[in-house]
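Quick notes on the structure that follows.
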Amino acid sequence: ENEQSLLEYLEKQRSRIGCRTIVYWGIGRNRYQLEIPENFITRNLPEEYELKSTKKGCKRYWTKTIEKKLANLINAEERRDISLKDCMRRLFYNFDKNYKDWQSAVECIAVLDVLLCLANYSRGGDGPMCRPVILLPEEGTPPFLDLRGSRHPCITKTFFGDDFIPNDILIGCEEEEENGKAYCVLVTGPNMGGKSTLMRQAGLLAVMAQMGCYIPAEVCRLTPIDRVFTRLGASDRIMSG
């Protein structure tokens, strides 16, 4: 209502001065200054016009009517803000009363989001995808990791070449198996040969398998893995060898 009254007052002043380019200018408590081009100011302006500011090509004025209407507008805005604060307090209070329900809903949505992401990745694989087999270790059963034809889950999505080679990774062995008895594997090779990528691949696939996601590999069998160790050499200088 107050804003509409100010717009109507502006139209009256445009007709009164005979200038359709008069506009309101200003921010905060200095709003609604009548900005009048200088070529219209040479004429006699009403005595009630009070000069507030100037800029090249125009001057800005207030009137007692504008001050009164602006005061009413500011008062209405303050009362509106107080009402909104009370409304927000009541809203947050009611929200807090049902906090446990909202928390449960958020947790369910988070789980659903993860499951949808895993399903989307498993369905959109770029090659063979397998469901991992996790064997619970029994007393005296050695741990093992058996990956056949495995691929890095990220690199194959962004790799544009046609010579990406899947890898077999066998650490430890299943009971009564003779192959892959080594519990520690030393990976060697030239710089940029893929050593770090292979190790990251093994760690990522182990984590993904235990999350319940399909694995980019032909075979994935493992016992539960409770940690993955990494080291980032901050002092390494590749260019210095």
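The values are calculated or read from the model by the stated rules, or taken from the named source; none is laboratory data. Computed from a predicted structure; not experimentally measured. FYI the Cβ positions are ideal-geometry reconstructions off the backbone, even for glycines, and counts take in every protein chain you see.
Restricting attention to the range 164-195, and to residues there that are of a type in the set (Gly, Ala, Ser) and surrounded by fewer than 13 Cβ atoms within 10 Å (Cβ to Cβ), which single residue is modelled with the highest pLDDT?
Among those that are of a type in the set (Gly, Ala, Ser) and surrounded by fewer than 13 Cβ atoms within 10 Å (Cβ to Cβ), it is Gly189.
Within the group Lys55, Lys59, which residue is in contact with a helix residue (DSSP H, G or I) (Cβ under 8 Å, 6 or more places away or on another chain) and not assigned by TED's automatic domain parsing to the domain that holds Pro224?
Only one candidate qualifies: Lys59.
Restricting to the range 94-127, what's the tally of residues that are part of a helix (DSSP H, G or I), of a type in the set (S, T, N, Q) and surrounded by 10 or more Cβ atoms within 10 Å (Cβ to Cβ)?
3
Pairs, please: C-beta under 9 Å, at least 6 apart or cross-chain, first residue under 30 Å from Gly28 (Cα atoms) and in the range 76-105, second loosely packed, with under 10 Cβ neighbours inside 10 Å?
Once the first residue is under 30 Å from Gly28 (Cα atoms) and sits in the range 76-105, its partners that are loosely packed, with under 10 Cβ neighbours inside 10 Å give Ala76/Glu1.
For the range 5-63, give me each residue that is aliphatic (A, V, I, L, M), surrounded by 11 or more Cβ atoms within 10 Å (Cβ to Cβ) and not in a helix (DSSP H, G or I).
Ile22, Val23, Leu34, Ile36, Leu45, Leu51
Which ones in the range 184-205 are touching a residue at least 24 places away in the same chain (Cβ under 8 Å) and closer than 14 Å to Cys154 by Cα?
If the condition is that a residue be touching a residue at least 24 places away in the same chain (Cβ under 8 Å) and closer than 14 Å to Cys154 by Cα, then Thr197, Leu198, Arg200, Gln201, Ala202, Gly203, Leu204, Leu205 are the ones that fit.
Restricting attention to the range 196-205, and to residues there that are among the hydrophobic types (A, V, I, L, M, F, W, C) and either at positive phi or under 27 Å from the mean Cα position of the chain (by Cα) (or both), which single residue is surrounded by the fewest Cβ atoms within 10 Å (Cβ to Cβ)?
My answer is Leu204.
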